[in-house]
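The structure appears right after this line, and notes come after that.
The values are calculated or read from the model by the stated rules, or taken from the named source; none is laboratory data. Please read all numbers here as calculations on a predicted model, not as lab measurements. Neighbour counts run over all protein chains shown; Cβ positions are idealised from the backbone, glycine included. Keep in mind that these areas ignore ligands, DNA and RNA; they rest on the heavy atoms of the full protein, side chains included. Shrake-Rupley method; radii C 1.70, N 1.55, O 1.52, S 1.80 Å.
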Amino acid sequence: MTDVAVIGAGMAGLVCAQQLTQAGYSVIVVEKSRGLGGRVATRRLYGTWADHGTCYLKAKGELLGNFVELLRSRDILEVWTDKVYELQPNLELNENSAPRYVAPAGMSAIAKFLAPGLDILLNQRVIAINPTPENSWRLTLESSNEELTAQALVLAIPAPQALMLLAPLGESLLGKEFLDKLSSVKFYPCISAIAGYHVTSQPLPHWKALTFVDDAVLGWMGLDSSKRPHPQQPVFVLQSSANFAQIHLESADLELVGQEMLQHAAQIVLPWLEAPEWMQVHRWRYAFPSHPWQEAVLSASTPLPLACCGDWCGGNLVEGAMLSGLAASAEINNHLRQLLLPNMNFFKLFT
């Protein structure tokens with residue numbers, strides 16, 4: 001039996017697991033996907049790679065600012081652009097100036113940086129959670145029907161996914177208030193299209209990133225190949241608006257949805273965008289919290305320690321996820337042996 005099981009290897013889960021591991025707990029991280037980072041995601045395809053989730057970091061708060069500087073010192077992050085343009089409904093461009101940081105090797109390199117020393121099971125989906133007579137949590141895995149046991153449990157996944165796992169435990173164990181709070185969290189979806197073009201495609205835009213204001217189809221697009229050291233061809237990543245994604249979320253043919261996004265971009269941005277050499281489309285069911293939980297962690301008042309965390313707790317995006325992971329580690333530690341956590345000295349773990 002391990003001390004703590006963390007479900008989800010996104011930013012919140014990795015930060016939480018590192019905190020508890022460095023404090024001296026035995027921790028296992030279980031991730032349903034084949035890679036780390038959650039929505040800090042990079043896809044390898046057609047001889048290149050593209051960031052189809054979090055496309056860049058913008059350092060606002062102290063925690064993320066320190067993290068960005070640490071990653072820059074390790075040559076993992078660099079400044080991509082200091083200008084992002086907003087395309088207004090009347091097609092006017094407004095400039096928004098602030099450094100945006102990217103990983104030339106792909107944004108998933110950020111998550112990989114947080115992973116050394118952790119015990120992580122990839123491609124393993126948790127399908128059931130139950131308490132045991134021995135006063136521990138039992139996790140049942142889908143692929144092998146294997147079971148893991150832990151004294152404490154952290155669910156570092158989107159709230160609707162956490163609710164699907166926890167609701168069968170019922171109000172008698174978790175309490176109605178906790179389940180109501182968890183079910184109150186809602187998300188906007190998003191559809192991402194990655195498109196590669198012939199090397200001679202011209203003209204290339206003068207911008208690297210473009211935000212769409214009140215557009216029915218698109219929310220954002222970027223020249224993703226401009227992040228790479230030696231790009232072989234122009235590659236764009238397009239992200240849909242929330243309304244467009246909601247309409248097409250259950251579409252059986254995502255390629256047609258992606259093509260509609262490219263055709264729309266061709267009409268208002270660059271005409272040749274409608275004819276890519278190749279394209280891949282990804283559905284993000286839980287892209288952005290629309291109704292987040294207002295605190296950094298959501299805990300259940302159970303005899304067995306249980307906490308939920310993620311970017312939907314107390315904030316948004318990468319920094320919110322990291323702060324939530326820190327809060328979850330403190331909550332779990334408080335219910336276990338109350339060891340010394342790194343906390344705000346977190347980054348010293350990697351120096």
Checklist line | Search result, residues across the range 265-286 that are open to solvent by less than 40 Å² (accessible area, probe 1.4 Å) and closer than 18 Å to ASP214 by Cα | finding: ALA265, ALA266, VAL269
Item checked: Conditions (1) in a strand (DSSP E or B); (2) without any contact (Cβ under 8 Å) to a residue 40 or more places away in the chain: number failed by VAL199 -> (1)
Checklist line | Matching residues, the range 198-225, being open to solvent by 40 Å² or more (accessible area, probe 1.4 Å) and among the small types (Gly, Ala, Ser) | finding: ALA216
Notebook entry, point to check: In the range 121-158, which residue that is of a type in the set (Val, Ile, Thr) and within 17 Å of the chain's Cα centre (by Cα) is surrounded by the most Cβ atoms within 10 Å (Cβ to Cβ)?
Noted result: VAL154
Next item on the list: Give the range 314-326 a look and list any residue that's buried (at least 23 other Cβ atoms within 10 Å of the Cβ) and free of Cβ contacts under 8 Å to residues at least 60 places away in the same chain, or say none.
Entry: GLY320
Checklist line | Residue list for the range 301-331, restricted to those being over 22 Å from the mean Cα position of the chain (by Cα) and among the β-branched types (Val, Ile, Thr) | finding: THR302
Check: Where residues in the range 287-312 are in contact with an Asp or Glu (Cβ under 9 Å, 6 or more places away or on another chain) and open to solvent by 60 Å² or more (accessible area, probe 1.4 Å), which of them is farthest from LEU238 (Cα to Cα)?
Finding: SER301
Next item on the list: Read through the list (1) in contact with a Leu (Cβ under 6 Å, 6 or more places away or on another chain); (2) open to solvent by 20 Å² or more (accessible area, probe 1.4 Å); (3) farther than 21 Å from SER225 by Cα, then give the number of the only condition that TYR85 fails.
Entry: (3)
Margin query: Quick test of your reading of the structure: PRO116 fulfils all but one of (1) within 21 Å of SER26 (Cβ to Cβ); (2) not in a loop (DSSP other than H, G, I, E, B). Name the failing condition by number.
Written below: (2)
Notebook entry, point to check: Taking the stated definitions as given, is ARG125 in contact with a strand residue (DSSP E or B) (Cβ under 9 Å, 6 or more places away or on another chain) and under 19 Å from THR2 (Cβ atoms)?
Noted result: yes
